[in-house]
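Written out below as structure tokens is the structure these notes cover.
The values are calculated or read from the model by the stated rules, or taken from the named source; none is laboratory data. This structure is a prediction, so every number in the text was calculated from the model and none was measured. Cβ coordinates were reconstructed from backbone atoms using ideal geometry, including for glycine residues, and neighbour counts include every protein chain displayed.
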Amino acid sequence: MMRKIVGLICILLLAWTSLAYAAEENSFLANTEASQNEDNEALPLTVDNRTLAVFRVGISSYTQRDRVEAAKLRLARIIKTKGLGKVSSMPVIPPGVGVAILLDGQMVFTIQPGDVNELAGETMVSVVEKATEQLSMLINDRRELNNPKQLLFAGLHTLVASVVLFLGLWILSRARPRMLKLGHSYLAQPIARVAKNTVGVTIASLNQSLQWVVRIFLGLLILSLLYSWASYVFLQFPLTRAWSENLNVTIFGFLGKAGLAVLDAVPGLLVVAFIVVCTRYLSMLMAFFFNRIERGELSFAWFDRDTAGTTRRILSVLIWLLALAMIYPYLPGANTEAFKGLSVILGLMVSLGASSVVGQFASGFILVYSKSLKQGEFVQIGNTEGTVAHIGLFATKIHTNLREEISIPNSVLFGQNVVNYSRLATNGGVISQIVVTIGYDVAWRQVEAMLLMAAQQTAGVRADPPPRVFQTGLLDFYVEYHLRVALDEPQRRMEILHDLNGKVQDVFNTYGIQIMSPNYRADPEQEKLVPVEQWYRAPAKKE
């Protein structure tokens, strides 16, 4: 009894002057410098994962951080010297200075009027009660921590809870196929009905959505099990008990804030959904219109059928870009600095990396609307010869006779000479030619007749316009002949020219004419002339 009275007298004497309190607190400080930021910072006093109080103001020249460090040192000293005693509180004298939180009659820390957050509805009484309660719970946890029996029971409880957790996870993993099967059996008819009556929705997509719903539901159950396990296990041990006590407050506080944020975002999301739906149906209507033009079901004098597909894609991109611009202000967080910063970064990336993309797009745009190429035409681009399979906005695909698909960037194609073998095929075929050189000792009329005979025997060579032979050069040792023919199928150009060359060899061989280009080093013994009587040797005919 005498010891308690002496302790009370000592505390009263200590509280008479605030200078004595400041001097005692100063004896535990390791750092005496304080910055301006620290003066305005609210720091929690946390011991063993339990927040005892929040210091929002300093005392005299000592910052909140100094108060936290001093309180921790003071608490450790009292527990070491006095043990785990009783927690109490007492107003600091003179009145209005604050309330001291005591352990075994010795001050641990004080609650200052500036530590009370009045905007959050706190009062000095509520803050002191909470600090006293938390310190009492901390002392009880320390007592339990020194009890091996309690720790053993906590370990056994944790083991049982872990077994229950793994059993629940195993049951949920086995339940997923059963839930999917049950969902398909009950929702088969509704899914088929929705897929039949809704444009753009298939049974496969609805089944995929059902699988996602089941996954999300099972995921929520797994999270609930993990949350319950963590809350129960943390509650068993003194050092983690504060986590368990604050877990519900943290989780439900987060869910509450998230729910309020979702509710605040609902009007904007409804506007976004309305814009997306309208844009989707407008895009579908536009695609239906241009697809009919592309199939030839609609025709307009001012619009080319071949450009319908590209026009549809360009307009679709423009419509969705316009929709994105309209959606942006209604997106949650669109006005935050983070969202604006992300927009700036994306814009910078597009600006730095889009020069080549824009060049490809412009080249493709010009190719399509200048009608230099059309899908299905047989063309030669540089050293590449084949059928145009696809004309995109960034590249053109060519299928060659070697069963190769070659993609040519539009910017490269735009600078190449394009030979189109199909464009004029419908008005007289594609003109191709072969070249032979024959010596001056063979009558040119006979050579011309043999070349025309070979052309007439070749399948795929048009009779109208008829094949023609031209003498394109009287060279030193021989005459150069060009046989020009019209082909019906440009895609078979190589095959037809192959057959034509074979027929030329056969005809020349039949009439005993060698396809050779003589090369003289000296004058021949006989002059290389064709006698007049041999000018019309077969198969040549007099006109």
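Taking L322, is it in contact with a Ser or Thr (Cβ under 9 Å, 6 or more places away or on another chain), hydrophobic (A, V, I, L, M, F, W, C) and part of a helix (DSSP H, G or I)?
Yes, satisfied.
Determine whether A273 is part of a helix (DSSP H, G or I) and closer than 21 Å to I391 by Cβ.
Against the criterion (part of a helix (DSSP H, G or I) and closer than 21 Å to I391 by Cβ), A273 does not qualify.
Return yes or no: is G429 among the small types (G, A, S) and in contact with a Leu (Cβ under 7 Å, 6 or more places away or on another chain)? For G429, the condition - among the small types (G, A, S) and in contact with a Leu (Cβ under 7 Å, 6 or more places away or on another chain) - is met.
Of all residues in the stretch 273-301, those that are more than 16 Å from V317 (Cα to Cα) have Cβ atoms under 8 Å from Cβ atoms of residues that are at pLDDT below 90 and β-branched (V, I, T), 6 or more apart or on another chain, in S299/I293; F300/I293. None of I139, I171, I191 is in contact with a Lys or Arg (Cβ under 9 Å, 6 or more places away or on another chain) and either surrounded by 14 or more Cβ atoms within 10 Å (Cβ to Cβ) or in a helix (DSSP H, G or I) (or both) except I139.
Taking the condition within 25 Å of E294 (Cα to Cα), of a type outside the set (S, T, Y) and either modelled with pLDDT of 85 or more or touching a Lys or Arg at 6+ places or on another chain (Cβ under 6 Å) (or both), does I366 pass? Criteria not met by I366. Can you tell me which residue is modelled with the highest pLDDT among those in the stretch 403-415 that are within 15 Å of V388 (Cα to Cα) and assigned to a loop (DSSP other than H, G, I, E, B)? The residue in question is E404.
Candidates I381, I327, I391, I345: the one that is surrounded by 12 or more Cβ atoms within 10 Å (Cβ to Cβ), aliphatic (A, V, I, L, M) and not assigned by TED's automatic domain parsing to the domain that holds L413 is I327.
Using the structure shown, decide if R312 is touching a Leu at 6+ places or on another chain (Cβ under 7 Å), basic (K, R) and assigned to a helix (DSSP H, G or I). No: the conditions fail for R312.
With respect to (1) within 56 Å of the chain's Cα centre (by Cα); (2) modelled with pLDDT under 75, the lone exception for M2 is condition (1).
Residue-wise test of (1) outside the structural domain of L165 (by TED's automatic domain parsing); (2) modelled with pLDDT of 90 or more; (3) under 32 Å from the mean Cα position of the chain (by Cα).
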| position | (1), (2), (3) |
| --- | --- |
| S231 | no, no, no |
| A258 | yes, no, yes |
| L269 | yes, no, yes |
| I275 | yes, yes, yes |
| R280 | yes, yes, yes |
| A287 | yes, no, yes |
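Looking only at the stretch 369-378, filter to residues that are more than 21 Å from M494 (Cα to Cα) and either touching a Ser or Thr at 6+ places or on another chain (Cβ under 7 Å) or without any contact (Cβ under 8 Å) to a residue 40 or more places away in the chain (or both); which one of those is surrounded by the most Cβ atoms within 10 Å (Cβ to Cβ)? Result: Y369. The condition (being among the small types (G, A, S) and under 13 Å from V57 (Cβ atoms)) is satisfied by just one residue among G105, G114: G114.
Would you say G415 is surrounded by fewer than 16 Cβ atoms within 10 Å (Cβ to Cβ) and of a type outside the set (D, E)? In short, yes.
Highlighted here are the strands (runs of 3 or more DSSP E) found entirely within the stretch 423-512 that include at least 2 residues which are buried (at least 18 other Cβ atoms within 10 Å of the Cβ): 430-439, 478-487.
For the stretch 199-206, check the following and say yes or no: at least one residue is at positive phi and modelled with pLDDT under 80.
Filtering the stretch 199-206 down to residues at positive phi leaves 200.
Next cut, modelled with pLDDT under 80 only: 200.
Yes, some residue in the stretch 199-206 is at positive phi and modelled with pLDDT under 80.
Any residue in the stretch 349-356 that is surrounded by 11 or more Cβ atoms within 10 Å (Cβ to Cβ) and without any contact (Cβ under 8 Å) to a residue 40 or more places away in the chain? Yes, there is a match, as at least one residue in the stretch 349-356 is surrounded by 11 or more Cβ atoms within 10 Å (Cβ to Cβ) and without any contact (Cβ under 8 Å) to a residue 40 or more places away in the chain.
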